[in-house]
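The values are calculated or read from the model by the stated rules, or taken from the named source; none is laboratory data. Here the structure is a predicted model, which is why all the values come from computation and not from measurement. Ideal geometry is used to build each Cβ from the backbone, glycine not excepted, and the neighbour counts take in all protein chains shown.
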Amino acid sequence: MNMRTTKTRKNAAFVALMAIAVSACGGGGGSIVDSGTTEAPATSDGGSSTEAPSTSAAPLSELPPCDPTALDGADGTVELTFWHGMNGELEKSLVALTDEYNASQTKVKISLENQGGYEQTLDKYLQSGSGSLPDLVQAPEYAVQVLNDTDSNVPVGACIEADAYDTSDFQAKALDQYFTEGVQWAMPFNVSDPVLYYNKKAFEAAGLDPETPPTSLEELRTMSQTIVDSGAAAFGLALDTGADSGGGWFLEQWFAKLGEPFSDNDNGRTAPSTKVLFDNQTGVDLLTELQSLVDDGLAYNVGDNASGQDALLKLADPDKPAAMTIATSAALGTVLSVVAAGTIAGVGVNDIGVGPMPGPGGAPGAIVGGASLWIVDNGDAVKTAASWDFVKFLVSAQTQSTWAAATGYVPVRSTALDLDPVKTTYAEDPRFRVAYDQLGEAADSPASVGAILGPQREIRNITAQAIATILQGAQVDTTLKAAANAANSLLADYLASNG
């Protein structure tokens with residue numbers, strides 16, 4: 001590995017992202033709904049390819065190698081550092097798994113270092129020089145392109161190939177999230193996707209079947225109208241405009257459900273994306289429907305949902321509750337614990353229903369949330385092999401069964417479902433399996449996997465601001481066009497900095 005090149009490109013990526021973050025937040029109170037001077041490229045060509053920027057990946061044979069047998073020749077215990085962003089009960093579960101691994105063998109010892117969260121982990125990684133990087137890093141699903149552009153990792157695909165490692169029982173969509181330009185870059189570890197949470201008692205009071213939640217946006221509207229008209233709840237649905245939920249990630253989800261590309265170059269899968277496509281008629285129709293739900297009093301907008309809980313807490317509002325909301329499947333265990341504590345008067349744990357995320361026309365599937373494992377290229381074949389050994393442990397069927405049962409995350413491989421404790425968990429409470437099944441229902445196409453964008457989290461902030469103004473009554477088409485202009489400007493800046 002050319003460490004000088006790596007450091008230069010890592011710093012360029014970070015500088016570009018910091019400039020993008022400032023631009024996305026706006027200076028002096030500026031708003032993305034002002035179309036500004038940057039014209040969005042035409043979006044009538046769907047997801048067809050444009051000229052690939054120079055950030056295109058090299059063939060696997062030209063990328064840093066992985067030799068799993070190098071660990072056999074290690075002189076003593078190989079000590080590795082793993083940066084992660086897990087907190088609370090999730091961190092406790094990760095610590096327990098790591099302790100189990102360390103105790104199971106003497107070749108490798110893993111030291112965990114909590115960086116505070118996904119964003120903090122990613123930012124520290126991008127700011128660090130090549131000599132101060134960890135050996136393994138947990139990075140969120142939106143970091144694929146920016147990490148690729150650092151040229152600082154060993155693609156797990158190299159390890160999979162060298163080890164003849166069988167991935168046939170893995171969730172295809174979980175692997176696909178981290179597969180671009182013919183390379184498997186990272187290994188999915190903690191996987192989630194959005195699901196519908198709903199109050200079964202409100203459904204019963206409205207005369208609806210509590211075992212049949214809405215699967216389409218059309219049914220969502222109809223059932224919300226029935227709920228509101230009956231007085232079973234003040235609102236059918238609680239919406240939010242958070243970048244990691246209703247304002248950003250969910251928009252990408254709905255495009256994927258429809259098989260519509262969110263950005264060009266096959267969602268950035270065949271070459272880095274150069275423009276977004278969310279301002280097309282699909283985007284206008286989606287946001288018009290959400291706006292009308294709020295305007296008609298069928299949905300309540302809780303805002304940016306900074307706590308990640310505001311939309312869920314609206315179900316417990318003693319004055320004007322909502323009957324449904326959409327949130328990450330990773331929250332299910334916490335939701336049930338909170339309900340068990342009596343947060344919602346008269347509602348018990350078994351009164352909370354879980355269904356797939358409703359989509360336009362009932363379109364199935366979901367794209368992956370959560371994070372993955374990236375092996376850092378430090379030029380040491382033994383450490384690369386040791387990192388791969390730990391990765392294999394974390395995604396083994398038994399470990400994934402233990403992890404999923406303890407955290408609520410989706411197992412990344414089907415064979416985990418045949419093993420306790422998750423086998424019993426899914427059998428006793430099928431609500432925990434909804435997210436797993438939903439991932440498997442997605443169509444097999446680049447559009448259905450979701451987009452890969454260099455400044456993806458910053459673009460989600462842009463769409464979140466746009467959707468917030470739309471739910472407050474702004475004109476949908478012009479607001480989305482302005483957001484696309486801003487996003488395309490960020491993409492152009494990013495690609496120019498990483499060329």
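So Glu219 clears everything in (1) among the charged types (D, E, K, R); (2) part of a helix (DSSP H, G or I); (3) under 18 Å from Asn305 (Cβ atoms) except one condition, right? Which one?
(3)
Hey, among the residues in the stretch 206-216 that are touching a Gly at 6+ places or on another chain (Cβ under 8 Å) and not hydroxyl-bearing (Ser, Thr, Tyr), which one's surrounded by the most Cβ atoms within 10 Å (Cβ to Cβ)?
Applying the first criterion (touching a Gly at 6+ places or on another chain (Cβ under 8 Å)) to the stretch 206-216 yields 210-211, 213-216.
From what's left, not hydroxyl-bearing (Ser, Thr, Tyr): 210-211, 213-214.
Details: Pro210: 16, Glu211: 9, Pro213: 24, Pro214: 22.
Within the stretch 206-216, the match that is surrounded by the most Cβ atoms within 10 Å (Cβ to Cβ) is Pro213.
Considering Thr150, Thr98, which residue is β-branched (Val, Ile, Thr), within 20 Å of Glu79 (Cα to Cα) and surrounded by 16 or more Cβ atoms within 10 Å (Cβ to Cβ)?
On the way: Thr150 fails: within 20 Å of Glu79 (Cα to Cα).
Result: Thr98 is the single residue among Thr150, Thr98 that is β-branched (Val, Ile, Thr), within 20 Å of Glu79 (Cα to Cα) and surrounded by 16 or more Cβ atoms within 10 Å (Cβ to Cβ).
How do the helices (runs of 4 or more DSSP H) wholly within the stretch 133-206 filter down when requiring 1 or more residues that are touching a residue at least 12 places away in the same chain (Cβ under 8 Å) and in contact with a Cys (Cβ under 7 Å, 6 or more places away or on another chain): which remain? So that I can check it myself, show each step before the final result.
On the way: elements: 144-148, 156-162, 172-176, 200-205.
Ranges flagged: 156-162.
Of everything in the stretch 404-424 that's surrounded by fewer than 19 Cβ atoms within 10 Å (Cβ to Cβ) and either among the hydroxyl-bearing types (Ser, Thr, Tyr) or touching a residue at least 40 places away in the same chain (Cβ under 8 Å) (or both), which residue is farthest from Asp351 (Cα to Cα)?
That would be Thr415.
Give the residue, chosen from Ser307, Ser230, that is in contact (Cβ under 8 Å) with a residue 24 or more places away in the chain and either in the same structural domain as Thr343 (by TED's automatic domain parsing) or closer than 20 Å to Leu490 by Cβ (or both). Before you say what the answer is, go through the steps one by one.
On the way: Ser307 fails: in contact (Cβ under 8 Å) with a residue 24 or more places away in the chain.
Ser230 is the lone residue from the list that is in contact (Cβ under 8 Å) with a residue 24 or more places away in the chain and either in the same structural domain as Thr343 (by TED's automatic domain parsing) or closer than 20 Å to Leu490 by Cβ (or both).
Look through Asp45, Asp75 and report the one residue that is modelled with pLDDT under 55 and in a loop (DSSP other than H, G, I, E, B). I'd like the intermediate steps shown before the answer.
Values: Asp75 fails: modelled with pLDDT under 55.
Checking each option against the conditions leaves just Asp45.
Search the stretch 225-252 for residues being in a helix (DSSP H, G or I) and touching a helix residue (DSSP H, G or I) at 6+ places or on another chain (Cβ under 7 Å), and hand back the single one that is surrounded by the fewest Cβ atoms within 10 Å (Cβ to Cβ). If you could, list the steps in order and put the result at the bottom.
To start, the set of residues in the stretch 225-252 that are in a helix (DSSP H, G or I) comprises 225-230, 249-252.
Those still in the list that are touching a helix residue (DSSP H, G or I) at 6+ places or on another chain (Cβ under 7 Å) too: 227, 230, 249, 251.
Numbers: Ile227: 27, Ser230: 14, Trp249: 22, Leu251: 23.
By that ranking, first place goes to Ser230.
Could you tell me whether any residue of the stretch 339-348 is surrounded by fewer than 17 Cβ atoms within 10 Å (Cβ to Cβ), assigned to a helix (DSSP H, G or I) and not small (Gly, Ala, Ser)?
Within the stretch 339-348, the first condition is being surrounded by fewer than 17 Cβ atoms within 10 Å (Cβ to Cβ), and the residues that meet it are 340-343, 345-346, 348.
Subsequent filtering for residues that are assigned to a helix (DSSP H, G or I) retains 340.
Then drop every residue that is not not small (Gly, Ala, Ser), which leaves none.
Within the stretch 339-348, not a single residue is surrounded by fewer than 17 Cβ atoms within 10 Å (Cβ to Cβ), assigned to a helix (DSSP H, G or I) and not small (Gly, Ala, Ser).
Does any residue in the stretch 266-291 that is touching a residue at least 12 places away in the same chain (Cβ under 8 Å) come within less than 9 Å, Cβ to Cβ, of a residue that is among the basic types (Lys, Arg) six or more places away or on a different chain, and which pairs are these?
Hits for this filter: Asp279/Lys481; Glu289/Arg221.
Quick one: is Asp279 assigned by TED's automatic domain parsing to the domain that holds Val338, at negative phi, not aromatic (Phe, Trp, Tyr) and not in a helix (DSSP H, G or I)? Explain how you work it out, then say what you get.
Values: assigned by TED's automatic domain parsing to the domain that holds Val338: yes; at negative phi: yes; not aromatic (Phe, Trp, Tyr): yes; not in a helix (DSSP H, G or I): yes.
Spelling it out, Asp279 is indeed assigned by TED's automatic domain parsing to the domain that holds Val338, at negative phi, not aromatic (Phe, Trp, Tyr) and not in a helix (DSSP H, G or I).
Quick check, is Lys423 of a type in the set (Lys, Arg) and farther than 30 Å from Val78 by Cβ? Step through it out loud before you land on a result.
On the way: of a type in the set (Lys, Arg): yes; farther than 30 Å from Val78 by Cβ: yes.
Judged against the criteria, Lys423 is a match.
Ala381 fails exactly one of the following numbered conditions: (1) modelled with pLDDT of 95 or more; (2) assigned by TED's automatic domain parsing to the domain that holds Pro321. What is the number of that condition?
(2)
If Thr167 satisfies all but one of (1) in the same structural domain as Asp389 (by TED's automatic domain parsing); (2) of a type in the set (Val, Ile, Thr); (3) surrounded by 24 or more Cβ atoms within 10 Å (Cβ to Cβ), what's the number of the condition it fails?
Among (1) in the same structural domain as Asp389 (by TED's automatic domain parsing); (2) of a type in the set (Val, Ile, Thr); (3) surrounded by 24 or more Cβ atoms within 10 Å (Cβ to Cβ), Thr167 violates only (3).
So which of Phe203, Phe170, Phe189, Phe179 ends up being of a type outside the set (Asp, Glu) and in contact with a Lys or Arg (Cβ under 6 Å, 6 or more places away or on another chain)? Break it down stepwise before answering.
Working: Phe203 fails: in contact with a Lys or Arg (Cβ under 6 Å, 6 or more places away or on another chain); Phe189 fails: in contact with a Lys or Arg (Cβ under 6 Å, 6 or more places away or on another chain); Phe179 fails: in contact with a Lys or Arg (Cβ under 6 Å, 6 or more places away or on another chain).
Unique residue meeting the criteria: Phe170.
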